[in-house]
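Participant: Quick one: the structure is below, questions incoming.
The values are calculated or read from the model by the stated rules, or taken from the named source; none is laboratory data. What you are looking at is a predicted structure, and each value in this text was computed from that prediction instead of being measured. As a convention, Cβ positions derive from the backbone with ideal geometry for all residues, glycine included, and neighbour counts pool all protein chains shown.
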């Protein structure tokens, strides 16, 4: 079942490559949050430790509810709802994303030959981390960068499953709080940029150079 | 108990008080009180080498932690003493909100950094390290300009991305210990004890990720841009805090991982990585120090250089590790003096451009005097502390017979010395474009000059007399890394 959820996670990455709308990005975050929470909830049935349920509930709350709701709020506040495209669609991005996903699974397969890793979750995690990085590089809008960062974080969450490394639940929850505060601060920064400097479209933070 | 109270209870109390109180004077006094209590507690830990926390906790102060706590609280107290004059001169309604947030953020910064220095659990270290980034956001964004906003954004983004790498490193560290120790506990001491049995492949991967990730926070090339932008756009006291203590805190986290790696067969690999990162940082800073036209960015690149020297010293090991630790301490002294004076110069000239600074000696004689001294200090002129710490690093390279690193190091230091001299001496001696510049208000000696002078001068007796209170602790740290001098 974990494999099914992580393959679905990879499909959201492909969707990420074919859409340019911010609202679709938020939907992807909600889906990924639910999938990652599902993976943690599944661990409860094999281990029966309450900590799995606590972490799954915290993931569900922060990643599928609080953070997406906050991003939607920013989109509305900054009036980015209409014409919310991060840039024009480019088929090359889809090819790159597909390459990233295939490459991640190849790496995972090779690695599994000499060390114990779960091939599919590990491959999905590496794909998530690389896809988030790709999104940051390919999209110029700051909000898209935040989404890219969150996708990297989702990949990181899966990585723990892929390499079968269990963190103490307190640290998982504290990490989620950190993530929420980080997104909150990034949202404030984007808000400040728009309200103090309305001429900036969120893609002009290039003044500081040597 | 009193030590724990001063380290971990007073800073949050001071934070809450500063949020609640609207009096800047009361906030400054409470913050100063918290800072002094923290400094005394840190010095107690450093000198006594006692752990104030009960054994078995995730929190502990070892000699390494005691040394870094002292650097943190000493820089903090200097910054709090300098802050009233800075806040007084930033007049205008646009700064009201920033001023309101200043002391709460400063106290929260102290708390967050203290947590990093006392936490002894690798995964928790990652969590609290992010708190130090959050605490800086309102401080870097103090001026609320587009530049400061860009600096905040880049800093938040790059450092957080770096911390993602650190988390991957923590996961890999856990995997390397699978079947060897209770890896889910991630306790520093247990990992260090079990180090020789860890899986070398995963440990190697872990160290690579941790080094790359922490480079953004430490300010090592090529992950330095976010840190340079933030330091150069932050107000003077905040820049001093970042250059003097925040980077040290991140170095401590790296040293915690290196403690584990240092007891395994992959130590030579980790040393090569650190030497490479150090030399690359010194080379990058040499290039940008030559090219720079902004004196605050110049100081930010000087930090990249000095953190590079520290990474190099850790990588070389032996007596160079002692040099690296001393360099951390002395760099925090020098950066405080330089950034305080940079703040005075910025207030008077309203510009950060080197070209715009003329007649400094006539217009700001006291600031120019301390600025000149701090310049001699930071380029490693005797008898200042940096000279001695660099000498230890050099000795380490000679002992290790690493002639390539030695020659590169000396050549790059020469380039940096000339580059810094060009800029600093120009600022001190360049005549005004007007033939007879009007000196409106001749600068008077004030607390900022005394603080700058103290910061520069205090290193001299420490380096020359090598007081046992400090050096016994340094030797205990070296012993933890397997170095006996």
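Participant: Out of curiosity, is residue B:188 within 19 Å of residue A:158 (Cβ to Cβ) and either more than 8 Å from chain A (Cβ to nearest Cβ) or surrounded by fewer than 24 Cβ atoms within 10 Å (Cβ to Cβ) (or both)?
Facilitator: Judged against the criteria, residue B:188 is not a match.
Participant: Which ones in region B:333-358 are within 22 Å of residue A:210 (Cβ to Cβ), in contact (Cβ under 8 Å) with a residue 24 or more places away in the chain and over 25 Å from the mean Cα position of the chain (by Cα)?
Facilitator: The answer is B:355, B:357.
Participant: Another question about this same structure. If I ask for residues that are more than 11 Å from the chain's Cα centre (by Cα) and either assigned to a helix (DSSP H, G or I) or farther than 16 Å from residue B:150 by Cα (or both), which ones from region B:232-242 would you list?
Facilitator: Of everything in region B:232-242, those that are more than 11 Å from the chain's Cα centre (by Cα) and either assigned to a helix (DSSP H, G or I) or farther than 16 Å from residue B:150 by Cα (or both) turn out to be B:232, B:233, B:236, B:237, B:238.
Participant: If you check B:164, B:188, which single one turns out to be within 30 Å of residue A:116 (Cα to Cα), in contact with a strand residue (DSSP E or B) (Cβ under 8 Å, 6 or more places away or on another chain) and modelled with pLDDT under 90?
Facilitator: B:188
Participant: So, residue B:229, is that one in contact with a helix residue (DSSP H, G or I) (Cβ under 7 Å, 6 or more places away or on another chain) and not in a helix (DSSP H, G or I) or not?
Facilitator: For residue B:229, the condition - in contact with a helix residue (DSSP H, G or I) (Cβ under 7 Å, 6 or more places away or on another chain) and not in a helix (DSSP H, G or I) - is not met.
Yes or no, residue by residue, for (1) out of contact with any helix residue (DSSP H, G or I) (no Cβ under 9 Å at 6 or more places or on another chain); (2) crowded, with 23+ Cβ neighbours inside 10 Å; (3) at the interface with chain A (Cβ under 10 Å from one of its Cβ atoms):
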| position | (1), (2), (3) |
| --- | --- |
| B:91 | yes, no, no |
| B:99 | no, no, no |
| B:122 | no, yes, yes |
| B:135 | no, no, no |
| B:143 | no, no, no |
| B:166 | no, yes, no |
| B:170 | no, yes, yes |
| B:174 | no, yes, yes |
| B:192 | no, no, no |
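Participant: Before we move on, is residue B:196 more than 9 Å from chain A (Cβ to nearest Cβ) and within 19 Å of residue B:267 (Cβ to Cβ)?
Facilitator: So residue B:196 fits the description; yes.
Participant: Then there's this: If you go through region B:58-69 one residue at a time, do you hit one that is free of Cβ contacts under 8 Å to residues at least 24 places away in the same chain and more than 22 Å from the chain's Cα centre (by Cα)?
Facilitator: Looking for residues that are free of Cβ contacts under 8 Å to residues at least 24 places away in the same chain and more than 22 Å from the chain's Cα centre (by Cα), one finds none in region B:58-69, hence no.
Participant: Mind checking whether some residue in region B:231-243 is within 11 Å of chain A (Cβ to nearest Cβ), touching a residue at least 12 places away in the same chain (Cβ under 8 Å) and farther than 23 Å from residue B:304 by Cα?
Facilitator: Looking through region B:231-243, none of the residues is within 11 Å of chain A (Cβ to nearest Cβ), touching a residue at least 12 places away in the same chain (Cβ under 8 Å) and farther than 23 Å from residue B:304 by Cα.
Participant: Ok, one more. Checking the structure you have, find out if any residue of region A:34-45 is under 17 Å from residue A:151 (Cβ atoms) and out of contact with any helix residue (DSSP H, G or I) (no Cβ under 6 Å at 6 or more places or on another chain).
Facilitator: No, region A:34-45 contains no residue that is under 17 Å from residue A:151 (Cβ atoms) and out of contact with any helix residue (DSSP H, G or I) (no Cβ under 6 Å at 6 or more places or on another chain).
Participant: Go through A:163, A:181, A:146 for me and flag whichever is at the interface with chain B (Cβ under 10 Å from one of its Cβ atoms) and at pLDDT below 75.
Facilitator: A:163
Participant: How many residues, within region A:12-25, are assigned to a helix (DSSP H, G or I) and in contact (Cβ under 8 Å) with a residue 60 or more places away in the chain?
Facilitator: 8
Participant: Continuing with the same structure: Among helices (runs of 4 or more DSSP H) lying entirely in region A:27-142, which contain 1 or more residues that are over 26 Å from residue A:184 (Cβ atoms) and within 20 Å of the chain's Cα centre (by Cα)?
Facilitator: Counting at least 1 such residues, we get A:91-112, A:119-138.
Participant: Ok, one more. Can you tell me which residue among B:310, B:345 is farther than 28 Å from residue B:410 by Cα and out of contact with any strand residue (DSSP E or B) (no Cβ under 7 Å at 6 or more places or on another chain)?
Facilitator: B:345 is the lone residue from the list that is farther than 28 Å from residue B:410 by Cα and out of contact with any strand residue (DSSP E or B) (no Cβ under 7 Å at 6 or more places or on another chain).
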